[in-house]
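Notes to accompany the following structure.
The values are calculated or read from the model by the stated rules, or taken from the named source; none is laboratory data. Because the structure is predicted, anything quoted here is derived from the model rather than measured. Ideal geometry is used to build each Cβ from the backbone, glycine not excepted, and the neighbour counts take in all protein chains shown. For the accessible areas, the whole protein counts, side chains as well, though only heavy atoms, and no ligand, DNA or RNA atoms are used. Shrake-Rupley method; radii C 1.70, N 1.55, O 1.52, S 1.80 Å.
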Amino acid sequence: MRRLGTYALLGGGDPLRGETRKTEEHLLHLSGGKALFVVPQALQAEADAWSEIYKSLGAREVRVLVLKRREQAQDVAVAETIAGSPLVLLAAEDAARFLSLVAGTRLVEALATAYLRGGIVAALGGVAGVLGAAAPLVRQGRLTARYGLGLLPGLAILPEFEQAGRFGLLTQLVVGNPDLLGLGIEAQSAVLVDFEGNARVIAGQVTVLDAAESQIYRRSVRGLRVDVLGEGETFKVPVYHA
């Protein structure tokens, strides 16, 4: 039995088209075939369809938990359901709204508990971006940053990183916050982060930005470390435990 938890960060992709199938099969294998989707009401139909896809991949048990209001994220029974799940999958069409829905609630504590108990907490697309200390939110090509859920407090995570301009946006964020490691995850890419901060790319491509040694000179950034890592590569990320 697995003793230590894992965060799974998926950069985006449509499970209904099979774009994330390889990663999903891997997560189901690690979890023993049990999965729980946690989604806002706007994504209920898609999550129901995803659950059928997971069953076709061999899942033994798939449940969907729909959050219709913030009060549910404070509900003790909801928190217990999440905390006891071996694989929790978070998804939403609007990452900013999802963040407002769950930030500071028992649900976030339950995600941390699931992880500490050896479970997998997976986030798809934009929701992956809210797990870090800073949540990079992109609208109409502009980036704003809000406090994230802090489940991975040493990271600033930007999914769908292949989109034009996102390298510059994440660079801007980490240069302004050099204590954070920037993680750009392309669509159909995924990275696992274990309890000790060991990260492994299990699909696609991930870009790691480290601004700890960088310097700003006029309109230039010097000393920024950029690693572009393909499937199978490993790297370290900062993690903190109570």
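Taking all Cα pairs closer than 8 Å and separated by 6 or more residues, the relative contact order of region 1-128 comes to 39 percent.
Compare Thr144, Thr171, Thr207 in a GNM of the chain, Cα atoms joined below 10 Å, and give the one with the largest fluctuation. Maximum among the listed residues: Thr144.
Between (1) 52; (2) 23; (3) 40, which matches percent of Cα pairs over 29 Å apart calculated for the structure shown? Structure-derived value, by its label: (2). For Asp14 and Val221, what does the FRET efficiency come to when R0 = 45 Å and r is the distance between their Cβ atoms, rounded to the nearest 0.05? According to the calculation, E is roughly 0.85. Relative to the longest principal axis of the Cα atoms of the chain, the long axis of helix 106-116 lies at roughly 90 degrees. Counting only DSSP H runs of at least 4 residues, each contributing -39500 (n - 2.57), and dividing by the residue count of the chain, the helix-based mean residue ellipticity at 222 nm comes to -8000 deg cm²/dmol.
When a/c reaches 1.5 or more, the comparison of a/b and b/c decides; with that in mind, is region 1-138 rounded, prolate or oblate per its Cα gyration tensor? It comes out rounded by the Cα gyration axes. Calculate how many DSSP beta bridges within the chain are antiparallel, expressed in % of all such bridges and rounded to the nearest 5. Roughly 55 percent of the DSSP beta bridges within the chain come out antiparallel.
Rounded to the nearest 20, the size of the Cβ-charge dipole of the chain about its Cα centre is 380 debye, with Lys and Arg at +1 and Asp and Glu at -1.
Heavy-atom surface analysis with a 1.4 Å probe gives the chain a carbon and sulfur content of 47 percent of its accessible area. In the context of the full set of protein chains, the chain has a per residue accessible area of 48 Å² (1.4 Å probe).
Near Gly132, the amide H atoms lying under 5 Å from its own belong to Leu149, Gly150, Leu152, Ile157; only residues 5 or more places off or on other chains count, and H is placed 1.01 Å from N.
Express the relative contact order of region 61-147 as a whole percentage, based on alpha carbon pairs under 8 Å and six or more residues apart in sequence.
28 percent
Most tightly packed first, judged by the mean number of other beta-carbon atoms within 10 Å of their residues, the peptides 41-52, 98-109 read 98-109, 41-52. Rounded to the nearest 5, what % of DSSP beta bridges with both residues in region 126-239 are antiparallel? Expressed as a percentage, antiparallel bridges in region 126-239 total about 80. Quick one: check the C-alpha center-to-center distance for region 32-107 versus region 128-200, whole angstrom. First find each Cα centre; the distance between them is then 21 Å.
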